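Just below is one structure, and these are the notes that go with it.
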């Protein structure tokens, strides 16, 4: 509560129901809930209680310490920067919320630091987490080292191969990285395996989930930790420009940077919210093999239950979860946060899919014109600007959710496979020539 | 204690319909002596072998059989049952094939379906989707009702749904009552107080007492937290079947001597199926091994029961 009040600049806005949605019972319309094995329920109840006391109630000054550590250790606030070349190109004011400048190079630290600190307040002795691209894993490893907590990270084997630098970073910060070999070895399997660890160790261990997914209170709690992105951006926009943006754009996988970027704007009806999902190679689904060559669960998914919540999912007609795909491992997930599923049904958030090619072009465009190398996840948002310029109003905030250093190998390899306009010739680095 | 098990069977009729005891066959399974409740994933490693394996459990003395309908994200399962689920899915198992399997089975024991909620929820969603409105919003369908109706028609007597806590279970509870099926809930070593009340007010058939924390798997030691759990449940009049980690007749004996009304065994049996699949053993041989282990487990449970009530049968 205090979090909202302290950052709302207009004193007349006393009720912001959208900002607080789901806090009471974990339900977002028909979505949300707590679909987990019984062994985890007491831990989830304990966590709900801790969330209400420390995060909402600022008990023992938890939120004060969280904000202080986000500033001192994390480097907040991050800037809201005008993108001059993109503004010119699209004939609109384009502003970048620079979460890539947060410590660790992505928005993930906001949530990881909040949850590891909360685990400390709760008296837990061990941290576990899943990771897809490795961004949440590295953020959790950093936060665990910073707060002196032992930490184990589960990561799909395929993702480990795609994201080796992040594996090294986690190990350097003292975390144990456990490969998950089930299924295709991506985020979905890593979440399942982390839940299994938690079911066995729940009494002394906290599971730092990396997105606004999972059982209540995770979706609201992760949103509230990530909401600092939009609370800052909203204030920065009002202070700098004197007005709210017309549009806010963020990429969407599980949806933590998305909801973090939208949260403070949900109640501002004049601000259009665009969630950009990974369209992968195509939106067509192969029922036979159970593969969806995309991760567009908001755009194409159907309602179902996965990893503790009712939400929109990529699934076959029987309800088996499909293997998703994206050029960016951080968006490669068959589900999405229940709050986003709800906001899409309500028409408050517009989902859109941007495919691998357009994302890669966005990656190169931002790198070469603005001097910012974005994460491949983030690059989807810039693919959207290019493809859907006409859908946007005159002042657009785009969240640069992470930097692209971790993706250089993948970007070079993917660029070499395609004819990307304006991209440098990288064949000498792939052995192609 | 001795009088508790028969009381549970008798009380089925007295209970209000949202409480317990829809299936007479399940009540009967606990009525005279301890119930041996084996689990196998249906379709592991293929449809035909799986039929033979489930029938082998029945020959081995199964009082209730839990049939796993494989789901792609089995978050409550350890590596053994995950392996079974992968083999079954690779072998083409689907909810519709599962129901055909149940119809084709020739067994005496009542059958309980163990699966995850998304498969229950999605069954029948297809029709609702084709009736979607123009905005693309799926019309809300009957939730679990279509699945439960089909399960009842196929001859199933109940469900265990590991990712469905009591808080989210009312639609399934209602559908089970409509079609006369039982809904079994899992009680963990960490379940206490209000949560235990909430579960016990919704459970029917039997309560699945999770012997230790973690996922399913055939561990050699059975946790002494089982005794604590059974103690907490003593006042409730529903049969208590203990599962997670039971793999031998000796385990079964100790668990039943400690107050359990039944034992649930999964991973130790799945191990036999997995080994058979790996070595390409003849189906009959694997089936015989399943029958033999079943007899050992059942005999162990009976020894435990005798030592508890202090009146040997013969």
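Summary table
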item	result
Neighbour-count order for A:153, A:373, fewest beta carbons within 10 angstrom listed first	A:373, A:153
D_trans [Stokes-Einstein, Kirkwood Rh over alpha-carbon pairs] for region A:213-284, 10 °C, 1.306 mPa s, µm² s⁻¹	121
Average partner coverage of A:23-35, which counts Cβ from other chains inside 10 Å	2
Pair residue B:96, residue B:280: separation of 7 Å Cα→Cβ label points (nm)	3.3
Within 10 Å of each Cβ in A:299-306, the average number of Cβ atoms from other chains	5
Helix-only CD estimate at 222 nm, as mean residue ellipticity for chain B, using -39500 (n - 2.57) per DSSP H run (n ≥ 4)	-14000 deg cm²/dmol
Residue among A:161, A:58, A:399 with the largest mean-square fluctuation in a Gaussian network model of chain A, springs linking Cα atoms under 10 Å	A:161
log₁₀ of I(q)/I(0) at q = 0.11, 0.12, 0.15, 0.16 Å⁻¹ - region A:14-142, Debye sum with one point per alpha carbon	-0.55, -0.64, -0.95, -1.04
Whole-Å semi-axes of chain B's equivalent ellipsoid (Cα gyration tensor)	29, 25, 17
Relative contact order, percent, chain A [alpha-carbon distance under 8 Å, six or more residues apart]	18
Kirkwood Rh and Cα Rg combined as Rg over Rh, evaluated for the protein assembly as shown	1.00
Spin-label pair residue A:126/residue A:27, simplified geometry with 7 Å Cα→Cβ offset, distance in nm	3.6
Sorted by Cβ neighbour density within 10 Å, fewest at the top, the residues A:239, B:44, B:177	A:239, B:177, B:44
Efficiency of FRET from Cβ geometry, residue A:60 and residue B:232, R₀ 22 Å, rounded to 0.05	0.10
Neighbour-count order for A:122, A:322, fewest beta carbons within 10 angstrom listed first	A:122, A:322
Cα-derived Rg over Rh, computed across region B:164-265 with Rh taken as Kirkwood radius	0.98
Dmax and Rg, reported as Rg then Dmax, of region A:99-194 (C-alpha, Å)	12.4, 36
Estimated FRET transfer efficiency when R0 is 45 angstrom, pair residue A:171-residue B:178 (beta carbons, to 0.05)	0.25
Estimated FRET transfer efficiency (residue A:419, residue A:282; beta-carbon r; R0 25 Å; 0.05)	0.85
Diffusion constant of region A:178-228 at 4 °C, which comes from Stokes-Einstein with the Kirkwood Cα-pair radius and 1.567 mPa s, µm²/s	107
Value of Rg to Rh for region B:224-314 (Rh from inverse mean 1/r over Cα pairs, i.e. Kirkwood)	1.07
Column: log10 I(q)/I(0), Debye, Cα scatterers of chain A, q = 0.09, 0.11 Å⁻¹	-0.49, -0.75
Distance-filtered residues of region A:159-178 - backbone nitrogen under 14 Å, label point 7 angstrom along residue A:429 Cα→Cβ	A:165
Hypothetical label at residue A:16: residues of region A:77-112 whose amide nitrogen lies under 19 Å (7 Å Cα-Cβ projection)	A:77-80, A:97-99, A:110-111
Separation in nanometres of the label points that stand 7 Å from Cα toward Cβ, at residue B:170 and residue A:409	5.1
Cα-based Kirkwood hydrodynamic radius, region A:327-433, one decimal, Å	15.0
Computed [θ] at 222 nm, helices only, for chain A once each DSSP H run of length n ≥ 4 contributes -39500 (n - 2.57)	-11500 deg cm²/dmol
For q = 0.16, 0.28, 0.31 Å⁻¹, Debye-computed log10 I/I(0) when each Cα of region A:23-77 counts as one equal scatterer	-0.68, -1.02, -1.11
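Throughout, read-outs are computed from the coordinates displayed, never taken from laboratory work. If you're wondering where the values come from, they're calculated on a predicted model, not measured in any experiment. Because the Cβ atoms are built from the backbone with ideal geometry, glycine has one as well, and the counts that use them run over all protein chains shown.
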